[in-house]
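These notes concern the structure reproduced below.
The values are calculated or read from the model by the stated rules, or taken from the named source; none is laboratory data. Owing to the predicted nature of the structure, the values given are computational and were not obtained by experimental measurement. Note that each Cβ is placed from the backbone with ideal geometry, even for glycine, and that neighbours are counted across all protein chains shown.
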Amino acid sequence: MSISLEKLEKNWETFQSLIIKSCGDSGEKLLSELGERMIMCPSSMKLDQHGAYPGGMIKHVLDVTMQMRNLNESVGLCKDPMSILKVGLLHDLGKVGDESSDLFLEQDSEWHRDKLGQMYKYNENLRKMSISHRTLCLLQKYGIPLSQDEWISIQLSQGSHFEENRFYVGHEPSLGILLQQSKSLVIHKEKNL
């Protein structure tokens, strides 16, 4: 799957406006410094995973945020719409990389692309960090404040199967459950198109 230039631009405009709405000046600074890299960032490395194409991350987080809003309404959780926007839109920010280098690099091995469907590889020059830790680090750098529930939700966004997240099992904030369920639904829908 890929995304048209028109859709890429539309997704970026929507993403920008929602980031500014939910994060204000700090969001504008984030967009101005990382925006170009965010636009082209994939969501995954392999074709059998979600969003393994330029613009995949932005499409994914927009879909997840919309699913979070719908799920929040349908089950009556009454979570703050601004928290949903912030967590939904920013939970995968660490996939961009750090302040100056991309996390995902285009796969230069034809064999990996053709035989494994691996379109991207990890940038081995970046400090080793989980996606959620990298996300939280970037949000701190850009001065985007998070409530405890927002912070924990982003920390848990990559899944409870990670050792650092097992501590929270059974004590996840509703916002975190909303995010995890929405991610699962969006990925399931994409795989079954």
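The table below lists the values:
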| quantity | calculated |
| --- | --- |
| Sole residue being over 26 Å from residue 33 (Cα atoms), touching a residue at least 12 places away in the same chain (Cβ under 8 Å), surrounded by fewer than 15 Cβ atoms within 10 Å (Cβ to Cβ) and of a type outside the set (Lys, Arg), chosen from 117, 76 | 117 |
| Subset of the stretch 120-131 [surrounded by 12 or more Cβ atoms within 10 Å (Cβ to Cβ) and within 25 Å of residue 27 (Cα to Cα)] | 126, 129, 130, 131 |
| Counted residues, the stretch 85-119 - those being closer than 25 Å to residue 27 by Cα and in a loop (DSSP other than H, G, I, E, B) | 7 |
| Number of positions in the stretch 1-35 that are within 17 Å of the chain's Cα centre (by Cα) and without any contact (Cβ under 8 Å) to a residue 24 or more places away in the chain | 6 |
| Test for residue 87: is it closer than 25 Å to residue 140 by Cβ, among the aliphatic types (A, V, I, L, M) and touching a His at 6+ places or on another chain (Cβ under 8 Å) | no |
| Pairs with Cβ under 8 Å, 6+ apart, first in the stretch 36-48 and closer than 12 Å to residue 58 by Cβ, second of a type in the set (D, E, K, R) | 37/102; 41/95; 41/102; 42/95; 43/59; 43/92; 43/95 |
| Residues located in the stretch 168-182, provided they are in a loop (DSSP other than H, G, I, E, B) and either on the phi > 0 side of the Ramachandran plot or modelled with pLDDT of 90 or more (or both) | 170 |
| Qualifying positions in the stretch 131-160 - closer than 16 Å to residue 57 by Cβ and either in a loop (DSSP other than H, G, I, E, B) or hydrophobic (A, V, I, L, M, F, W, C) (or both) | 131, 138, 139, 154, 157, 158 |
| Residues (outside any loop (DSSP other than H, G, I, E, B) and of a type in the set (Asp, Glu)) located in the stretch 73-84 | 73 |
| The one condition in (1) among the aliphatic types (A, V, I, L, M); (2) touching an Asp or Glu at 6+ places or on another chain (Cβ under 8 Å); (3) not in a loop (DSSP other than H, G, I, E, B) that residue 126 fails to fulfil | (3) |
